[in-house]
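Worksheet: one structure, shown below.
The values are calculated or read from the model by the stated rules, or taken from the named source; none is laboratory data. This structure is a prediction, so every number in the text was calculated from the model and none was measured. All Cβ positions, even for glycine, are placed from backbone atoms using ideal geometry, and neighbour counts span all protein chains on display. Keep in mind that these areas ignore ligands, DNA and RNA; they rest on the heavy atoms of the full protein, side chains included. Shrake-Rupley method; radii C 1.70, N 1.55, O 1.52, S 1.80 Å.
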Amino acid sequence: MKVWWLVVLLIAGCSTAPQTDRPYPLQLQSVSTRPGGIISVAELQPGDLLLSSATSPQSWGIRLISFSGVSHAAIYLGDRQVAEAVGSGVKIIPLQQAIEESNNVLVLRVPSLTQDQSSLLREFAHQQQGKKYNFKGIVMFMPFMVSRRVCELPLMHENLRSACLTALARVQLADVDDPQANRFFCSEFVIAGYRHAGVELLQGQASWVSPADLMHLRDGDVSAWHSEQNMQYIGHLKRWNLKEILSLRSASRQAE
């Protein structure tokens, strides 16, 4: 049985970190969204990170290849507005629309984010609105999501893991001066936005980061990249509900 679990860990490439203050000193990266309490919209703050998933094949594919419960990342701007990069480009949409289009939405927050930084995030979102989606970047990113597992083998030291990921990304992914740099996929847009606001979440270029990488920045989890800023889990705006999903599908079929 122990051998079986070792094989599973090697295949998954789950990052680990030593925890000397715990009875079990080895901590595994959490693939779950760890649902806690449902929060209200009033509890959100400008600059909060929204991580979500949906029932589409694309969402399932991203979650399976990244071994996580999320497939999309967006930024809450305040005033019930959300900025995101999707297939149609960078958009600012109503918060309610973002919630309705997802089946699971969790909220993370940079505890030290200032009002000026949240204003810069909003400024960045409006500046990039209408920019095209980085299809080339996401196509190149998918093979990297598989090969990067070599760098995330259990018991690998954090510094070695980060150096391995950086070296592999430089070989497989586009350089920062690539002509596609003015286009974004979802997590790339989020990282670029925080950096515009002067907030470094992790090492590495924005085009090297997935929604799962952002989720693992939460307190109590294990980041694959070297973390510059841990994020606080605030709660869920919406939780995955199989009964609700099935009822929605049933209603849509009846409408057809």
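Counting just the residues of segment 165-174 that are at pLDDT 90 or above and under 15 Å from D213 (Cβ atoms), which one comes out most open to solvent (accessible area, probe 1.4 Å)?
L168
Please go through segment 42-85 and pick out each residue that is modelled with pLDDT under 95 and of a type in the set (V, I, T).
Those that are modelled with pLDDT under 95 and of a type in the set (V, I, T): T55, I62, I65, V70.
Within segment 84-96, identify whether any single residue is without any contact (Cβ under 8 Å) to a residue 24 or more places away in the chain and among the acidic types (D, E), and answer yes or no. Walk me through how you get there before you give the answer.
In the first step, residues of segment 84-96 are kept if they are without any contact (Cβ under 8 Å) to a residue 24 or more places away in the chain; the result is 93-94, 96.
Remaining after also requiring among the acidic types (D, E): none.
No, every residue in segment 84-96 fails to be without any contact (Cβ under 8 Å) to a residue 24 or more places away in the chain and among the acidic types (D, E).
A98 is checked against (1) under 26 Å from G130 (Cα atoms); (2) open to solvent by less than 50 Å² (accessible area, probe 1.4 Å); (3) outside any helix (DSSP H, G or I) and fails just one. What number does that condition carry?
Result: A98 fails condition (3) only.
Please give the number of the condition S210 fails out of (1) closer than 23 Å to L120 by Cβ; (2) in contact with a helix residue (DSSP H, G or I) (Cβ under 9 Å, 6 or more places away or on another chain).
Evaluating S210 over (1) closer than 23 Å to L120 by Cβ; (2) in contact with a helix residue (DSSP H, G or I) (Cβ under 9 Å, 6 or more places away or on another chain) leaves (1) as the failure.
Just to be sure I understand the filter: pairs with C-beta atoms under 8 Å, separated by 6 or more residues or on different chains, first member in segment 203-222 and among the β-branched types (V, I, T), second member open to solvent by 20 Å² or more (accessible area, probe 1.4 Å) and modelled with pLDDT of 95 or more. Which pairs pass?
none
Go through segment 37-49 and give me each residue that's open to solvent by 10 Å² or more (accessible area, probe 1.4 Å) and of a type outside the set (V, I, T).
Step one: list which residues in segment 37-49 are open to solvent by 10 Å² or more (accessible area, probe 1.4 Å), which gives 37-46.
Result: G37, S40, A42, E43, L44, Q45, P46.
Out of segment 78-95, which residues are in a loop (DSSP other than H, G, I, E, B), at positive phi and in contact with a strand residue (DSSP E or B) (Cβ under 9 Å, 6 or more places away or on another chain)?
Here is the first cut: in segment 78-95, the ones in a loop (DSSP other than H, G, I, E, B) are 79-80, 87-88.
Now drop any that are not at positive phi, which leaves 79-80.
If the condition is that a residue be in a loop (DSSP other than H, G, I, E, B), at positive phi and in contact with a strand residue (DSSP E or B) (Cβ under 9 Å, 6 or more places away or on another chain), then R80 is the only one that fits.
Does V222 satisfy the criteria of being of a type in the set (V, I, T) and either modelled with pLDDT under 90 or over 29 Å from R170 (Cα atoms) (or both)? It would help to see each step written out before you state the result.
Details: of a type in the set (V, I, T): yes; either modelled with pLDDT under 90 or over 29 Å from R170 (Cα atoms) (or both): yes.
Taking the combined requirement at face value, the residue satisfies it.
In the set S40, S59, S112, S88, which member is within 14 Å of the chain's Cα centre (by Cα) and of a type in the set (S, T, N, Q)? Reasoning before the result, please.
On the way: S40 fails: within 14 Å of the chain's Cα centre (by Cα); S112 fails: within 14 Å of the chain's Cα centre (by Cα); S88 fails: within 14 Å of the chain's Cα centre (by Cα).
That would be S59, the only listed residue that is within 14 Å of the chain's Cα centre (by Cα) and of a type in the set (S, T, N, Q).
State which residue is most open to solvent (accessible area, probe 1.4 Å) when the search covers only segment 131-142 and only residues that are in a loop (DSSP other than H, G, I, E, B) and over 16 Å from V209 (Cβ atoms).
Residues of segment 131-142 in a loop (DSSP other than H, G, I, E, B): 131-132, 134.
If we keep only those that are over 16 Å from V209 (Cβ atoms) as well, we get 131-132.
Details: K131: 69, K132: 124 Å².
Among those residues, the one meeting the criterion is K132.
Any chance you could count how many residues in segment 112-130 are outside any helix (DSSP H, G or I), open to solvent by 70 Å² or more (accessible area, probe 1.4 Å) and modelled with pLDDT of 95 or more? Reasoning before the result, please.
So the first thing to find is which residues in segment 112-130 are outside any helix (DSSP H, G or I), and the list is 112-114, 129-130.
So of that shortlist, the ones also open to solvent by 70 Å² or more (accessible area, probe 1.4 Å) come out as 112, 129.
In the following step, the residues that additionally are modelled with pLDDT of 95 or more were identified as 129.
Final tally of qualifying residues: 1.
Go through segment 143-164 and report how many residues are under 21 Å from G204 (Cα atoms), in contact (Cβ under 8 Å) with a residue 60 or more places away in the chain and surrounded by fewer than 12 Cβ atoms within 10 Å (Cβ to Cβ).
Summing the residues that are under 21 Å from G204 (Cα atoms), in contact (Cβ under 8 Å) with a residue 60 or more places away in the chain and surrounded by fewer than 12 Cβ atoms within 10 Å (Cβ to Cβ) in segment 143-164 gives 2.
For residues in segment 175-199 being at pLDDT below 90 and touching a Lys or Arg at 6+ places or on another chain (Cβ under 7 Å), which is nearest to A73 (Cα to Cα)?
N182
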